[in-house]
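Peer 1: Pasting a structure here, questions to come.
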Amino acid sequence: MLLADLLFNHSEHAKLVRTVYHMLARTMEARALVFFTPYRPWLLQKDLAFFEFVRASNPSVRVEDGKATDGQVDGSNGDAAKGVLGVRKLFEEVLARAMFEEDPGDETLKRTVFGYEIYWQDLQDHNGR
């Protein structure tokens, strides 16, 4: 699964995590790759809050005061909680120039690409990884 430049839409983080949770194949090899550049550098912490949702690893995760909190599995599709998602940072690379140079904010952050992977942590833990 590939998620690219989606984290800027902070109000949709919980829905995005639910989608990953329900659509990511339930195998040790399955990965959701997440790539983004903070086009609004002053909101980087809100972009990164997406990964708090992932770490909560529950399809009904919600946010209170800007923090992800565990909810109850909603059961709307009849599924029980099927596992725990994990997050691993893959890289942080500063490009030669920003895509939108005229945008305000920290120049270095506007040129930085972040890469993360989401995986089934409980499957990794049970298999000695």
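Peer 1: Starting from the Cα-Cα distance between residue 97 and residue 82, subtract it from 0.36 nm times their residue separation and give me the gain in nm to one decimal.
Peer 2: Between residue 97 and residue 82, full extension yields an extra 1.2 nm.
Peer 1: According to a simple spin-label model (label point 7 Å from Cα along Cα-to-Cβ), what is the distance in nm between residue 89 and residue 23?
Peer 2: Distance between the two pseudo-spin positions: 2.6 nm.
Coordinate-derived values only; no laboratory data. Note that the coordinates shown come from a computational prediction; the quantities given were computed from them, not determined experimentally. Note that each Cβ is placed from the backbone with ideal geometry, even for glycine, and that neighbours are counted across all protein chains shown.
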